[in-house]
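Input: a single structure, listed below in structure tokens.
The values are calculated or read from the model by the stated rules, or taken from the named source; none is laboratory data. Just so we're clear, the structure is a prediction, and the values are computed from it rather than from any experiment. Positions of Cβ are generated from backbone atoms using ideal geometry, with glycine treated the same way; all protein chains shown enter the neighbour counts. Areas reflect the complete protein model, heavy atoms only, side chains present, ligands, DNA and RNA absent. Shrake-Rupley method; radii C 1.70, N 1.55, O 1.52, S 1.80 Å.
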Amino acid sequence: MQAASEAPARSAEARRRRVREIGRQCRRHDVQTVRFLYCGNDGVVRGKACHVRFLESYLESGIGLTVAMQSFTMLDQLVPEGAFGPVGEIRLVPDLDSFAVLPYVPRAARFLCHLRTLEGEPWAACPRAFLDRMVERARARGLELRAAFENEFTLARREGERWVPIDRSPCFSTLGMDAAATVMTEIMDALVAQGVQPEQYYAELGPGQQELPVRFAPALRAADNQITVRETARGVALRHGLVASFAPKPFPDQAGNGAHLHFSLWRLGDQANHFHDPRGRYGLSEAAYHFLGGVLHHLPALVALTAPTVNSYRRLQPRMWSSAYTAWGPDNREAAVRVPSLRRGREMESTNLELKPCDPAANPYLALGGLLAAGLDGLERKLDPGEPVLVDPDTLDEAERRRRGIRRLPASLGEALDALERDEVLRAALGDVLAREYLAVKRAEVRGFEGKGVEFEIEHHFLKY
Ligand code: GLU
Ligand code: MG
């Protein structure tokens, strides 16, 4: 009894301490404005800011936001048939642990926020609350998802009406590293300063393309980190007169920008990787295979969350190393789920699965929440992922793919949304309000790009992601 009544008092004290520490950091860095950020159904990062003098009061109440923003598309249009319009208000309520002084904007700091009702409850249309619920669902099984988005992005400059990549260097070349060195070094410093750990870096295949994998973290923090990476790369590039674009297919005939999602489940009890079994095939446990079975089973619907733009489906084509079929295989870079080979001496830590049909235009809270819902359904129902595919699945003939249960991924956002609408497990996990609004926003985006041509499509995706 006593412990239960002490806990809230302790956390109120911890909160006060945290708020004081935030105040100290603001003074030390002479912060003037503090941004309250969120990522909506359209995947665009938005927010409002307050002057630091009013920060404490807004930490308490949150900053007001019209409900309409969850019926907004990436074309900045309100969906006419959306549930939310000009009447109604929610609050951007900061996660105090997400505070960071922004190294790439003078005198600014930021929080990542929950969308809360006026009463302070999680709002049914809040993507971060959805991920919270899925994290709880795993926790109830004694499990925690750890993940990292492996981002690719394009550095380019505006020349007249065109986006021109900063270089056309060969894949993984030092030519490419040198061309991007000043800006990439600054991006990595800025990430470290915000508590995100860049782990590797290389110049990728596409023109001006960079890849920057960061260290894995528990699901909610991994999603927050994804917002930090996108914001930081773009913010630093801007200071160099460049644009860092996370558009899934920035140039229609070149390599796409993926955000391959690496993930593993860890046991809360003994802090061991639940996917790891040295005796299992490819070092994977039975639980890992069931989780994988769930991901593959739901994949045609899941991609509506992980590859969520019209532009995303130019990327999900065969021979692009982005995947086009519901196949899995060891170190198979044309499979939707690759089982990465283990790192010698770090076997348990490095056991993970890599979802390739995921791109950086995704709202990371929706992508990770959807992945958890799909995988946990696989665990629950002990779903079988089928046999591994050891070749490019596109080279198998159609009959062979059918025999193995391998399906083509949706070829357009419209098809993916149809699959999501049919997927009762994912829809129920999202909840009625969020599922309905997500589908409405994304259907409106499909209509918004219809008949507008590839240039219009690239222009909008290049800038907003
Ligand atoms: N650029 C590829 C994609 O669109 C990925 C290439 C790779 O890293 O294997 O996902
Ligand atoms: Mg890559």
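Test of understanding: among M184, M177, which residue is within 16 Å of ligand 2 (Cβ to nearest atom), assigned to a helix (DSSP H, G or I), surrounded by fewer than 21 Cβ atoms within 10 Å (Cβ to Cβ) and not acidic (D, E)? It would help to see each step written out before you state the result.
Numbers: M184 fails: surrounded by fewer than 21 Cβ atoms within 10 Å (Cβ to Cβ).
When all the criteria are applied, what remains is M177.
Taking the condition of being part of a strand (DSSP E or B) and either open to solvent by 10 Å² or more (accessible area, probe 1.4 Å) or free of Cβ contacts under 8 Å to residues at least 12 places away in the same chain (or both), how many residues in the stretch 323-362 meet it?
3
Looking only at the stretch 369-398, which residues are part of a loop (DSSP other than H, G, I, E, B) and of a type in the set (V, I, T)? Reasoning before the result, please.
Kept after step one, since they are part of a loop (DSSP other than H, G, I, E, B), are these residues of the stretch 369-398: 382-392, 396-397.
Within the stretch 369-398, V389, V391 qualify.
List, please: which pairs have Cβ atoms under 7 Å, are six or more places apart or on different chains, and start with a residue in the stretch 126-150 that is in contact (Cβ under 8 Å) with a residue 24 or more places away in the chain and end with one that is of a type in the set (S, T, Y) and crowded, with 20+ Cβ neighbours inside 10 Å?
Final answer for the pair search is P127/Y365; R128/Y365; F130/Y365; L131/Y365; R146/S264.
Looking at the stretch 238-253, which of the residues that are open to solvent by 60 Å² or more (accessible area, probe 1.4 Å) and part of a loop (DSSP other than H, G, I, E, B) is farthest from ligand 2 (Cβ to nearest atom)?
Narrowing the stretch 238-253 to residues open to solvent by 60 Å² or more (accessible area, probe 1.4 Å): 238-240, 252-253.
Then keep just the ones that are part of a loop (DSSP other than H, G, I, E, B); that gives 240, 252-253.
Values: H240: 23, P252: 19, D253: 18 Å.
Per the criteria, the residue is H240.
Those residues that are part of a loop (DSSP other than H, G, I, E, B) and under 28 Å from A12 (Cβ atoms), I need them from the stretch 98-113; list them, please. Can you show your working first?
To start, the set of residues in the stretch 98-113 that are part of a loop (DSSP other than H, G, I, E, B) comprises 99, 102-107.
The one that is part of a loop (DSSP other than H, G, I, E, B) and under 28 Å from A12 (Cβ atoms): F99.
If a residue has to be open to solvent by 10 Å² or more (accessible area, probe 1.4 Å) and either in contact with a Leu (Cβ under 8 Å, 6 or more places away or on another chain) or on the phi < 0 side of the Ramachandran plot (or both) to count, how many in the stretch 69-101 make the cut? Before the answer, list the steps.
So in the stretch 69-101, the residues open to solvent by 10 Å² or more (accessible area, probe 1.4 Å) come out as 69, 72, 75-78, 80-89, 91, 93-97, 99, 101.
Applying the additional criterion that residues be either in contact with a Leu (Cβ under 8 Å, 6 or more places away or on another chain) or on the phi < 0 side of the Ramachandran plot (or both) yields 69, 72, 75, 77-78, 80-87, 89, 91, 93-97, 99, 101.
Of the residues in that region, 22 qualify.
Among the candidates E450, E445, E424, single out the residue that is surrounded by 14 or more Cβ atoms within 10 Å (Cβ to Cβ) and under 30 Å from V67 (Cβ atoms).
Working: E450 fails: surrounded by 14 or more Cβ atoms within 10 Å (Cβ to Cβ); E424 fails: surrounded by 14 or more Cβ atoms within 10 Å (Cβ to Cβ).
Answer to the selection: E445.
For the stretch 298-319, give me each residue that is open to solvent by 10 Å² or more (accessible area, probe 1.4 Å) and either polar (S, T, N, Q) or over 23 Å from R443 (Cα atoms) (or both).
Matches in the stretch 298-319: Q317, P318, R319.
Out of (1) in a loop (DSSP other than H, G, I, E, B); (2) open to solvent by 20 Å² or more (accessible area, probe 1.4 Å); (3) in contact with a Gly (Cβ under 9 Å, 6 or more places away or on another chain), the odd one out for A411 is which?
(3)
Would you mind telling me which numbered condition in (1) within 16 Å of ligand 2 (Cβ to nearest atom); (2) over 27 Å from G369 (Cβ atoms); (3) crowded, with 20+ Cβ neighbours inside 10 Å; (4) aliphatic (A, V, I, L, M) V229 fails?
The one condition V229 does not meet is (2).
Select, from A259, A272, the only residue that is hydrophobic (A, V, I, L, M, F, W, C), modelled with pLDDT of 95 or more and either under 17 Å from A335 (Cβ atoms) or within 16 Å of ligand 1 (Cβ to nearest atom) (or both). Working first, answer last.
Details: A272 fails: either under 17 Å from A335 (Cβ atoms) or within 16 Å of ligand 1 (Cβ to nearest atom) (or both).
Among A259, A272, only A259 is hydrophobic (A, V, I, L, M, F, W, C), modelled with pLDDT of 95 or more and either under 17 Å from A335 (Cβ atoms) or within 16 Å of ligand 1 (Cβ to nearest atom) (or both).
Filter the stretch 200-214 for residues that are open to solvent by 10 Å² or more (accessible area, probe 1.4 Å) and free of Cβ contacts under 8 Å to residues at least 40 places away in the same chain; which is nearest to ligand 2 (Cβ to nearest atom)?
Y202
Answer yes if at least one residue in the stretch 197-211 is at positive phi and within 16 Å of ligand 1 (Cβ to nearest atom), and no otherwise.
If we filter the stretch 197-211 for residues that are at positive phi, which is where we start, we get 208.
Within this subset, residues satisfying the condition of being within 16 Å of ligand 1 (Cβ to nearest atom) are 208.
For the stretch 197-211, residues at positive phi and within 16 Å of ligand 1 (Cβ to nearest atom): present.
Quick check on the stretch 418-431. Is at least one of its residues over 22 Å from P248 (Cβ atoms) and among the basic types (K, R)?
Yes - at least one qualifying residue is present in the stretch 418-431.
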